[in-house]
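Nothing in this text is a laboratory measurement; each read-out follows from the coordinates by a stated rule. The structure presented is a predicted model; accordingly, all values stated were derived computationally and were not measured. All Cβ positions, even for glycine, are placed from backbone atoms using ideal geometry, and neighbour counts span all protein chains on display.
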Amino acid sequence: MKRILLLLLIVLLIGLGALAVSFMPAKLAVDSLPKVLVPSANPPAEMRLYAIEAGKMLSQAGFAYRGGNIAEPRVFGMGGILIKHPQGTLLFDTGFGKDVDAHFKTIPALMQATSKYEKEPTVAVQLHAAGIEPSTFKAVILTHSHWDHVSGLADLPGVPVWVNDQEMSFIKYGDDATALIRSFGKLNYRVYNFPSGPYLGFKKSYDVFDDGSVVLVPASGHTPGSIIAFITVPGGKRYALIGDLVWQNEGVEIPAEKPWISRKLVDWDESRTRDLIVQMHQLKAAMPDLVIVPAHDRRVWDTLPKLGS
Ligand SMILES: [Zn+2]
């Protein structure tokens, strides 16, 4: 009996040791910089980008990227990025909706047990306050279909929801993290492709307005149909909405992936996610003015233009 207990203790200690190591710093290997040709963009003068912050999760830096301090509190922001363009208004992701309490209960139990969230005025409420009518939107475009990106969809009835075919299958047949969007039933889905050719090192793209101002590229990894959206606003400033490729900016900066426990909870394909993190790290090195916008880094969102500002 004593022997079995001793053996169990050893196994437990090895396990705890391995878990501790999985949070340690581990910089991803970066090859020499590929040549980057910055594509032209002609955003119309009236085009605008606004960040609409709508909800928070309270977590720690250590859960976002390897080497992050496990004791350092971090706000993981939720929300949507609004693009006003003369050819139509787009909303990337939706943040927490008014029914977030119920939505939270649809996520995996371990995530519920380890997460705390706070509400902020929803995207729908903030749009209403700004006199913007969502029913006129060209599309809500999902960086991916996880619950915290779609909760606010329930407050935007009828708006076309754009997903690519890989993400559509993930919505239909995916895991618990897409249970919420499945529960919404028949949304006004529009499935898009990437007909517009190579873009910034990605093999294919979709130039939504045909002027280079909003270009979607496939970024399969965090989920099968995750995308990155490259936005260029008047004046030439460029943004990359990278969804949950990393949770906090250090992921791309270092570059470092999420720690093991976070990857197991949320990333569909760890290896593809890792490759894309390195690719975005290299792109940022080649284009230092490119603003990398992780969907949940509230520090970055706080620097973006806001509705009413
Ligand atoms: Zn996600």
Problem set entry | Cα-based equivalent ellipsoid, segment 186-305: semi-axes from gyration tensor eigenvalues, Å | 22, 19, 14
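Run the helix sum for the chain: -39,500 (n - 2.57) per DSSP H stretch of 4+ residues, divided by residue count, reported at 222 nm to the nearest 500 deg cm²/dmol. Write out the running numbers ahead of the final one.
Values: 12 runs with 93 residues, N = 309.
Theoretical 222 nm ellipticity from helices: -8000 deg cm²/dmol.
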Exercise. Sorted by mean Cβ packing within 10 Å, highest first, what order do the peptides 127-135, 248-256 take?
Worked result: 248-256, 127-135
Seminar exercise, completed: GNM of the chain, Cα pairs under 10 angstrom: of 155, 101, 267, the biggest fluctuation goes to 101
Exercise. For segment 179-258 and segment 103-141, what is the separation of their Cα centres, given in Å?
Worked result: 19
Seminar exercise, completed: Here, residue 6 and residue 136, labelled 7 Å along Cα→Cβ, have an inter-label distance in nm of 7.7
For this session: Would you mind telling me which residue in 112, 279, 166 has the biggest mean-square fluctuation in a Gaussian network model of the chain, where springs connect alpha carbons within a distance under 10 angstrom?
Result: 112
Exercise. Given springs between every Cα pair under 10 Å in a Gaussian network model of the chain, which of 109, 154, 179 has the largest fluctuation?
Worked result: 109
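Tell me the Kirkwood radius of the chain: reciprocal of the mean inverse pair distance over distinct alpha-carbon atoms, in Å.
Details: mean 1/r = 0.0499 Å⁻¹.
This gives a value of 20.0 Å.
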Exercise. Sorted by packing (mean other beta-carbon atoms within 10 Å per residue), highest first, where do 216-228, 9-21 land?
Worked result: 216-228, 9-21
Exercise. In this model, which of 56/264; 35/84; 27/258 are farther than 20 Å apart at the alpha-carbon?
Worked result: 56/264; 35/84
Problem set entry | Overall Cα dimensions of segment 126-227, principal axis frame, Å, largest first | 37, 35, 19
